[in-house]
1. At 1.4 Å probe radius, can you tell me the per residue accessible area of the range 121-219 in Å²?
2. Could you give the length gained by full extension between ASP99 and GLU35, i.e. 0.36 nm per residue of separation minus their alpha carbon distance, to one decimal place?
3. Considering only the other residues whose Cβ falls under 9 Å of the Cβ of ILE64, what net charge follows from Lys and Arg at +1 and Asp and Glu at -1?
4. Per the Kirkwood formula on distinct C-alpha pairs, the Rh of the range 1-143 is how many angstrom?
5. What figure, in Å² to the nearest 10, do you get for the accessible area of GLU250 with a 1.4 Å probe and non-protein molecules left out?
6. Net charge near LEU95: determine it from the other residues with C-beta under 15 Å of the C-beta of LEU95, scoring Lys and Arg +1 and Asp and Glu -1.
7. In nm, to one decimal, how far is the SER69 label point from the GLU7 one, both placed 7 Å along Cα→Cβ?
8. With a cut-off of 8 Å between alpha carbons and a minimum separation of six or more residues, what is the relative contact order of the range 74-215 in percent?
Amino acid sequence: VNVAWEESVYTVREDVLSLTACVVVPSDILCRDIEVFVSTADSTMSPQATSGEDYQSLSLRSLILPAGSSSACVTVTVVDDNDAESAGEFFDLVLSSSDSGVIISSSLALTELQNEDVEIGLTLHTICENLPILTACVTVTGESVEVASFNFFTISTGSATAETDYQSNSSSFNFVAGDDPPCLNVEIVDDLERESCETFLLQLSTSDPNVILSPASATATIYDDEDPSIQFTNDTPDITGKILTSQLMEDGCIAGFECQVDNGDPLSCTNPFITDLNTTRVRTLSITANGFCQNNHALSRDVRSDNVRCHVHQINGGEEEATVVGNSATVMFEGTGPSADNVATDFRILVENAVLGVFEVQEEFPCSNTAAASIFNATCTVDAATSHGTLTVSGFFSGGRWGLMLQPLQPPSGLQCIRRAPRRFEFDITV
C-alpha cells in the first residue's frame, strides 16, 4: 500500500496555534488497519523554526489509518511567541512505518510557520536649526504576513515649543513587509535667537494587536545654529592655595569645551576649569566652546595682566625712587605672599624717556638669582630670608630724565596677589 503526505508543503500562521497535516492512501481503500509514525525534524530550509519555541515536536507519533478509510490526520501544536520574526520559519514533517506492506511514497512535508507580528520602533534624531525638514523614519523588525497599522506624531513635552521651534505633525501608516520604512517629516523653524538645545518627542501608537512598538517614543533635538557664547562668571579667577579656578557660563547649544593654558596643548575642559599652579605657571587661559552647527567660539582671559597682579613696592628709604650709581639704576621690592619664593616672579621692564613721554625699550625676564635680561644688562636677585628683591638695570642711558617701570607678569605658585598698577620710578642720569 502506498502512503504519502496529502500536501508537500503546509503553511500555518503562528496565531492559529495548531497545524493539521493528513496522511493519505492515494489510490486505494484500506482493507485493514495500517500504522504509520509521524515525527518532526529540523528543515533544510532557512530560517529554521526552533522546537519548543516555535512548535511542539513529535517523535514517532503513532497514526492509525483504519480499514475502509483512505486518510488520517495528525495535529502539531504551534507556539505564538509574539516576537517580530522573519516572514517564514520552517520545519519538516517526517513519515515512516514498520509495516512491511506499507510503501512510503512521500516521507517529507515542509512546514512554514508564518509570522503575524512586526516590531516598529524609533531612534533618537538630531537636526541643526537652519535645516528646514527633520525626516524621522521608523525602524522595522520582522516580516509580517499582515498589514501593520500604526500612528506617528509629535508631542511638545520637551524644551522646544510647537509652532515656534517646529511645526507639529501626525500621520497614520499601513505598512506591508517589503515596503520602505515609513517616515514623518517635521518642519523646523529657524530663528535668530541664541538658545540652548531644544527637544521634542516623536511618538508611536497603535491598536493593531500584531504590532509591537519598541521603543514607542524617541527624543528629537534641535541644535541652535547661532554661534555659541561663553563667558567667565567673574573678572578674577579664584586662586585658593595653588589652584586656579575659573567658572564658565555658557549661552546657547554647546557640544563641549576645550581649554588651553598659555600656548600649550588643548586640554579636556570641565566647568569650572581648574588648573594646578604647582605645575603650570598660567598667563593666559583660553576656552573654546564647540558649537554643533556653527564655528567654535573662543574666549581668552589674560590672567597675567587683566586679573591678578603681584603687589610690588619700593622699600629703599620709603621713597619711590631708584638708587642711581653712574649709569645703573637699582630698585628694591618685596613680595606680599606667605613664602620667600613669592618674589621669584616674571617682570616686564619698560624704559621711558620722560622728556619725550614715550617708552623706548621693554623686555620680559624672570626674577631669580640666575636669570638676567640681555637688553638692559639687568639682573634681579632674591633674598629668601626677607622676601626682598633687587632689580638693577644698566648700560642703556645716555643722559636726561628717564622712567623705569616694573610690571609683575605672573604670580608664582602659592601667591595671593593684589591688583595694583605697575610702579613707576623716575630718576636723573648724568653722563
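The values are calculated or read from the model by the stated rules, or taken from the named source; none is laboratory data. What you see is a predicted model; the values in this text were computed from it and never measured. Virtual Cβ from ideal backbone geometry, glycine too; neighbours counted across all protein chains shown. These area figures cover heavy atoms from the full protein model, side chains too; ligands, DNA and RNA do not enter into them. Shrake-Rupley method; radii C 1.70, N 1.55, O 1.52, S 1.80 Å.
1. Working: 4960 Å² over 99 residues.
Heavy-atom accessible area per residue stands at 50 Å².
2. Details: separation 64, 0.36 × 64 = 23.04 nm, distance 0.72 nm.
Result: 22.3 nm gained on full extension.
3. Working: positive: none; negative: ASP33, GLU35.
Local net charge: -2.
4. Details: mean 1/r = 0.0571 Å⁻¹.
One over the average 1/r among Cα pairs gives 17.5 Å for the range 1-143.
5. 90
6. Details: positive: ARG61; negative: GLU6, GLU7, GLU35, ASP92, ASP99.
That sum, taken over residues with Cβ under 15 Å, equals -4.
7. It is 1.9 nm.
8. Values: 283 pairs, mean separation 39.0, N = 142.
Computed over the range 74-215, the figure is 27 percent.
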